[in-house]
Amino acid sequence: MRFKQRVSFLSLFIASALLAISTPHIASASLVGYWPLDDDLLDYSSYGNDGSLINIDNNDSGSTTGGPEFDTDVPAAIGGGKSARFDGIDDGIDLGNNGGASGAYNFTTNDWTISGWIKKASGSDWVIFANGANSGGGIRTNLWRESSSAGNAQLTVDDDGAVGGKVEAVGGTIDADVWHHVAGVRKGNDIFLYVDGALADSDTLPAGYDLSGITQENAYIGTNWAYVVPGLQHFTAGYVDDVAVFDAALTKEQIGLLASGDATPFNVPEPCSSLLLGLAAMALVLSRNSLKF
């Protein structure tokens with residue numbers, strides 16, 4: 001009887017541990033901005049920071065001037081919907097000023113993740129997400145590439161010289177006319193740049209690095225704001241899709257799921273608990289040993 005009870009208990013323990021490990025836990029509670037760009041500029045997170053088109057000409061006519069348009073050219077990993085197409089001249093999406101004291105993009109010293117898809121034209125600057133001021137000062141966070149001749153990605157943060165000034169992670173390969181998934185992460189005092197699910201570069205921030213941009217400029221998709229000579233700059237020529245901002249540091253595995261299309265910003269599973277994995281493994285060993293008696 002004791003043998004059966006022991007095996008039954010171990011079986012229940014194993015099943016519970018494996019269930020806890022395998023059950024996907026939704027990370028949407030950490031989602032503070034999500035713009036799928038499927039024929040609208042709505043923010044599908046609970047924050048509702050809807051965008052507005054700059055120089056709108058939403059007629060799907062194929063025009064290369066006049067404003068960002070919605071296009072059926074999307075990443076194969078997403079496989080449906082639309083993306084936003086930018087002309088590289090004067091197009092952008094204005095997400096408003098949410099960097100104030102209670103703003104969704106006032107990251108302070110906390111962890112965060114920015115992710116999205118880019119398909120750039122040859123020789124183009126590009127911006128997936130930019131928050132705050134740029135070029136010579138101002139608190140900012142940019143996931144972009146400012147050098148049109150460079151074939152890589154760039155994550156830029158700047159505390160306006162309060163502690164460390166501008167810090168960047170630059171790397172990966174962004175080919176022209178090819179969709180790439182790009183993500184930038186802050187975790188503690190480190191920043192990480194991922195391209196197509198792989199770690200491309202990282203850097204370390206000084207202690208106390210604070211992005212509390214109480215007076216910073218608006219957030220944008222497809223362009224960013226110049227600080228020294230106020231105005232928009234670095235206009236994207238190409239396509240941007242599925243932009244998301246989290247107030248948590250996603251893991252490499254979670255970002256890989258976004259890059260492969262196996263998860264969306266709405267259903268990124270939490271990382272498996274190493275403790276539960278260990279307990280499950282221990283339970284399996286104990287169960288096997290029990291059967292020997």
Residues that are in contact (Cβ under 8 Å) with a residue 40 or more places away in the chain and more than 18 Å from residue 116 (Cβ to Cβ): list the strands (runs of 3 or more DSSP E) wholly contained in the range 164-237 that include at least 1 such residues.
166-171, 180-187, 224-226, 231-233
Checking 197, 231 in turn, the sole residue that is assigned by TED's automatic domain parsing to the domain that holds residue 166, surrounded by fewer than 24 Cβ atoms within 10 Å (Cβ to Cβ) and within 19 Å of the chain's Cα centre (by Cα) turns out to be 197
Scanning the range 202-217 residue by residue, the ones that are more than 20 Å from residue 131 (Cβ to Cβ) and either of a type in the set (Val, Ile, Thr) or buried (at least 16 other Cβ atoms within 10 Å of the Cβ) (or both) total 1
Of the conditions (1) surrounded by fewer than 21 Cβ atoms within 10 Å (Cβ to Cβ); (2) under 19 Å from the mean Cα position of the chain (by Cα), residue 162 clears all except one; give me its number.
(2)
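Please find, among 164, 171, 208, 138, the residue that is within 30 Å of residue 75 (Cα to Cα) and small (Gly, Ala, Ser).
The match here is 171.
The values are calculated or read from the model by the stated rules, or taken from the named source; none is laboratory data. Remember, predicted model here, so these are calculated numbers, not experimental data. A quick note on method: Cβ atoms are made from the backbone with ideal geometry, for glycine too, and the neighbour counts reach across all protein chains shown.
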